[in-house]
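See below for the structure under consideration.
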Amino acid sequence: MKDPYEILGVAKTATPEEIRKAYRQLAKKLHPDLNPGDKRAEERFKEVASANDLLSDPDKRRRFDAGEIDASGAETAPPQGRYYREYAGQGGGPYESAGGYADYAESDDLFAELLRRSREQQREQMRRAPGADLHYELRVPFLDAVNGGVKTITLPQGGTLDVTIPSGVEDGQVLRLRGKGAPAPGEGPAGDALVQIVVEPHRFFTREGDDIHVELPVTIKEAALGGEVRAPTTTGGVMLRIPKGANAGDTLRLKGKGVKTRRGAGDQLVKLKVVMPKPPDAELDSFLAGWTPPAGYDPRKEM
Amino acid sequence: MIDEREFLARTHLDQATLAVWVRESWICPDRTAPEPAYSEADLARAGLIHDLKHNMGVNDEGLDVILHLIDQMHGLRRALAEALASMKEHGRGP
């Protein structure tokens, strides 16, 4: 660490006013924003700022003179975070001015030619730039999401967009329609349309992974004696064999009747739900009233 | 982008001073939204204005000239960089 008096170029006996003047003089020369092309300016400016920080504070200066602290005692934080030149150097800000070179840029010499080429390249890049991607949301009925189909979006800016929904599309999935976004400002390709799918719930089907779940109401007779009943699937009704003595809550698997995707097909899981007649049926009631459960029939014996 | 409150907090400026700086076009916040928005570059520029005014004793008239020259210098530096890049791209002069 160099001597702060030496850095500011003042005598050990300098008055505060002399120190202030010396610092201002150096700051005007060395401030990084006044020397945007000089990489070392920041280092030297910091040195000067540190020296000033030490010598402009009477208490710090006294302790330095007394040898209590060394010059590094002044190494506090740099006067500011980042200099303006770092941002201005990236170019194109609202402040930048061509006032310093416009005459050269308009002439026929080497500099103007090079500048023209560079700007032509930039224009060319802009001309070929693609259009923006546009985002849409599409609500799809449950069965269309499972089976696939074609939906038409009416665009806010007019016109329509046909979206082919692949079978098995999931809630939240985004479909990319290449070239259906905003047109390019120049001659580039149009952007893409990004369509987020929102699957609407179904009255009785639910989906878990690639399996479809449904609860199927059956009569007490169908549950007890078994038999064929018609069960809905996402592609239409099928005949389902209910085994004799089925219980409410039993789940029957219809293999391959779930969601069909490129991975394969899921299953449909049918959960039986025994539904008593409503209003209660007098004949059934009188039959059950006369019925004595056989010995050993206690559905709660495990409890 | 930074809103005015954060900008004031980070620059330690008061609102009246910032209003003057904006009116003088020393700082140009983005006015696309209803509330003015400031960039990191605006923040650093405020630091420079502070240094010029308080550490170098530049008065307001001088500040105007200095900022204008600095803005020209950055325009010139960019034009120079562009010209050099274009020369490298083509591997030769015109």
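The values are calculated or read from the model by the stated rules, or taken from the named source; none is laboratory data. The model shown is predicted, which means the values in this text are computed figures rather than measured ones. Every residue, glycine as well, gets a Cβ built from its backbone with ideal geometry; the counts of neighbours run over all protein chains shown.
Could you please let me know if B:G57 is within 8 Å of another protein chain (Cβ to nearest Cβ), under 24 Å from A:L26 (Cβ atoms) and surrounded by 15 or more Cβ atoms within 10 Å (Cβ to Cβ)? Considered against the rule, which asks whether it is within 8 Å of another protein chain (Cβ to nearest Cβ), under 24 Å from A:L26 (Cβ atoms) and surrounded by 15 or more Cβ atoms within 10 Å (Cβ to Cβ), B:G57 comes out as no.
It is to be established whether one or more residues within the range B:42-52 are more than 22 Å from A:K46 (Cβ to Cβ) and not hydroxyl-bearing (S, T, Y). Looking through the range B:42-52, at least one residue is more than 22 Å from A:K46 (Cβ to Cβ) and not hydroxyl-bearing (S, T, Y). Just one of the listed residues (A:A223, A:A248) is modelled with pLDDT under 95, in a loop (DSSP other than H, G, I, E, B), of a type in the set (A, V, I, L, M) and over 20 Å from A:S167 (Cβ atoms), and it is A:A248. Taking the condition farther than 30 Å from A:E113 by Cβ, crowded, with 20+ Cβ neighbours inside 10 Å, out of contact with any Leu (no Cβ under 9 Å at 6 or more places or on another chain) and at the interface with chain A (Cβ under 9 Å from one of its Cβ atoms), does B:D42 pass? Yes; evaluated as a whole, the condition is true for this residue. The condition of being surrounded by 15 or more Cβ atoms within 10 Å (Cβ to Cβ) and either part of a strand (DSSP E or B) or not assigned by TED's automatic domain parsing to the domain that holds A:D171 (or both) does not hold for A:L284. Please count how many residues of the range A:26-45 are small (G, A, S) and either more than 7 Å from every other protein chain (Cβ to nearest Cβ) or under 41 Å from the mean Cα position of the chain (by Cα) (or both). Of the residues in the range A:26-45, 2 are small (G, A, S) and either more than 7 Å from every other protein chain (Cβ to nearest Cβ) or under 41 Å from the mean Cα position of the chain (by Cα) (or both).
Of the listed requirements (1) surrounded by fewer than 17 Cβ atoms within 10 Å (Cβ to Cβ); (2) within 11 Å of another protein chain (Cβ to nearest Cβ); (3) over 23 Å from A:R119 (Cα atoms), B:A81 misses just one: (3). Against the definition (part of a loop (DSSP other than H, G, I, E, B), aliphatic (A, V, I, L, M) and exposed (fewer than 10 other Cβ atoms within 10 Å of the Cβ)), how does A:A295 come out, yes or no? So A:A295 fits the description; yes.
Note on the range B:84-94: among residues that are at pLDDT 80 or above and more than 7 Å from chain A (Cβ to nearest Cβ), the one that is nearest to A:Q90 (Cα to Cα) is B:L84. If you go through the range A:2-18 and keep only what is under 16 Å from A:F45 (Cβ atoms) and part of a loop (DSSP other than H, G, I, E, B), you end up with A:K2, A:G9. Evaluation of A:K244 against the conditions (1) touching a helix residue (DSSP H, G or I) at 6+ places or on another chain (Cβ under 9 Å); (2) without any contact (Cβ under 8 Å) to a residue 12 or more places away in the chain; (3) closer than 23 Å to A:M276 by Cβ; (4) of a type outside the set (A, V, I, L, M, F, W, C) shows that the sole unmet condition is (2). Screening A:V214, A:V169 for residues that are buried (at least 17 other Cβ atoms within 10 Å of the Cβ) and assigned by TED's automatic domain parsing to the domain that holds A:V275 leaves exactly one candidate, A:V214. The condition of being more than 8 Å from chain A (Cβ to nearest Cβ) and surrounded by fewer than 18 Cβ atoms within 10 Å (Cβ to Cβ) holds for only one of B:L18, B:L63, B:L8, that being B:L8. Number of residues in the range A:2-32 that are touching a residue at least 24 places away in the same chain (Cβ under 8 Å) and acidic (D, E): the value is 1.
Scanning the range A:242-281 for residues being in contact with a Lys or Arg (Cβ under 9 Å, 6 or more places away or on another chain) and loosely packed, with under 13 Cβ neighbours inside 10 Å gives a total of 2. Among the residues making up the range A:177-204, those that are over 22 Å from A:G266 (Cα atoms) and touching a strand residue (DSSP E or B) at 6+ places or on another chain (Cβ under 6 Å) are A:L177, A:K180, A:G181, A:A182, A:D192, A:A193, A:L194, A:V195, A:Q196. Selection of the range A:199-214 for residues being touching an Asp or Glu at 6+ places or on another chain (Cβ under 6 Å), more than 13 Å from A:K260 (Cβ to Cβ) and not aliphatic (A, V, I, L, M) yields an empty set.
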